[in-house]
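The values are calculated or read from the model by the stated rules, or taken from the named source; none is laboratory data. Please read these numbers as outputs of a predicted model, since none were measured by experiment. Note that each Cβ is placed from the backbone with ideal geometry, even for glycine, and that neighbours are counted across all protein chains shown. Side chains are part of the model used for accessible areas, which takes the heavy atoms of the whole protein and leaves out ligands, DNA and RNA. Shrake-Rupley method; radii C 1.70, N 1.55, O 1.52, S 1.80 Å.
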Amino acid sequence: MQTKVSPIFQVFERQHSDAKGLFLALGKQIKSKKAIELLAKMEFMELYCNLLGKIHFEKESLKFDIFSPFKKFQKNLRKIHHFKLVERNILDREKKTKQTFNSYHLYLDKQKKKLYNESFDLVVGSTLKSWDELYQNAQQASKGLKPLAISSAINQIIQEELDFIKLDLKASLDSKALKEIFDALRTIIMLENLLIHLGFNPIFVPSIHEEINLLKNSLKPWYSNQLCLQSLTHFLAEKENASKKYLDWTNELKVQKKLLSSQAEKQAHLLFDKLV
């Protein structure tokens, strides 16, 4: 008797199909919008593979590093997303101050060309075989999965994320810790959505979900600020004499970072004191 594939695989199947289509589109031209859409799909697929690994962890014959062929490309997609956030910051700055930042634009354009060319090479230099193998491996590992096993694995991963956050909260939250919390929240939200899709009750009550989303939304401008400040700092490090408009912008970003970090830290403590 053939073992049935768990209904949860249908979620992966849709994401995989959408991701493959976006991947093929990027093989014609790298466009940031499609790259960012593909990144979201790949982050879910990676999480799904991690979930399968958690379920099958006792079976040594099953190899669950099945997402590894995509990690380098996924990293490039994440860089494209980061780059677009920085670009958005400079455009907002120019609109706000009525100033131009031509030398910074040239610096970013040079980086963009290198990043997009490298990403394009990764697409055209690969084959669809890896996509087919990912699908087949995920499908095979999704056979015979019991809903309770899936629910238990989801709960285990969420608890691990909360344990990591608990360690971060013991000290003042630096940029690394805030980034880890941001990533953990994204993981928790995706897994909670999976639980609901399977017909299980979510782990957290609606009021906690509201706080989770509030914290995640507070961390978005912090994350954008952090990326812009890093990029601008690297740009200025290459210049012997930076003009006042760049120094003013850097100082404003630093002040803004402190305010955003403080706000996110307070929200994080209020939320996770209830959870961990």
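Among residues belonging to region 187-224 that are part of a loop (DSSP other than H, G, I, E, B) and of a type in the set (Phe, Trp, Tyr), point out the one that is farthest from the chain's Cα centre (by Cα).
For region 187-224, the residue satisfying everything is Phe200.
Criterion first (in contact (Cβ under 8 Å) with a residue 12 or more places away in the chain, over 24 Å from His81 (Cα atoms) and basic (Lys, Arg)) does Lys245 satisfy it? Spelling it out, Lys245 is indeed in contact (Cβ under 8 Å) with a residue 12 or more places away in the chain, over 24 Å from His81 (Cα atoms) and basic (Lys, Arg). Of the residues Leu162, Leu178, Leu173, the single one that is under 30 Å from Pro221 (Cα atoms), surrounded by fewer than 18 Cβ atoms within 10 Å (Cβ to Cβ) and assigned by the TED database to the domain that holds Gly199 is Leu162. Residues in region 148-170 that are more than 24 Å from the chain's Cα centre (by Cα) and touching a residue at least 60 places away in the same chain (Cβ under 8 Å): Ala149 only.
For region 117-135, the condition of being modelled with pLDDT of 95 or more, within 18 Å of Ser6 (Cβ to Cβ) and not aliphatic (A, V, I, L, M) holds for at least one residue.
Here's the yes/no breakdown for (1) aliphatic (A, V, I, L, M); (2) touching a strand residue (DSSP E or B) at 6+ places or on another chain (Cβ under 9 Å); (3) loosely packed, with under 14 Cβ neighbours inside 10 Å; (4) at pLDDT 90 or above:
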site	(1), (2), (3), (4)
Ser152	no, no, yes, yes
Leu169	yes, no, no, no
Glu192	no, no, no, yes
Ile208	yes, no, no, yes
Asn217	no, no, yes, yes
Gln230	no, no, no, yes
Leu236	yes, no, no, yes
Leu247	yes, no, yes, yes
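Within region 1-51, the residues that satisfy the criterion of being within 16 Å of Leu122 (Cα to Cα) and not in a helix (DSSP H, G or I) are Gly27, Lys28, Gln29, Ile30, Lys31. Entry remark, region 55-74: residues being closer than 16 Å to Phe44 by Cβ and either modelled with pLDDT of 90 or more or in contact with a strand residue (DSSP E or B) (Cβ under 6 Å, 6 or more places away or on another chain) (or both) number 5 in total. Scanning region 124-150 for residues that are over 27 Å from Phe23 (Cα atoms) and open to solvent by less than 80 Å² (accessible area, probe 1.4 Å) yields a total of 5.
The set of residues in region 248-276 that are in contact (Cβ under 8 Å) with a residue 24 or more places away in the chain and among the basic types (Lys, Arg) comprises Lys254, Lys257, Lys274. Residues satisfying the criterion are absent from region 36-56 (criterion: open to solvent by 20 Å² or more (accessible area, probe 1.4 Å) and more than 26 Å from Ile196 (Cβ to Cβ)). Looking across region 263-276, the residues that are open to solvent by less than 50 Å² (accessible area, probe 1.4 Å) and not aliphatic (A, V, I, L, M) come down to Glu265, Gln267, Phe272.
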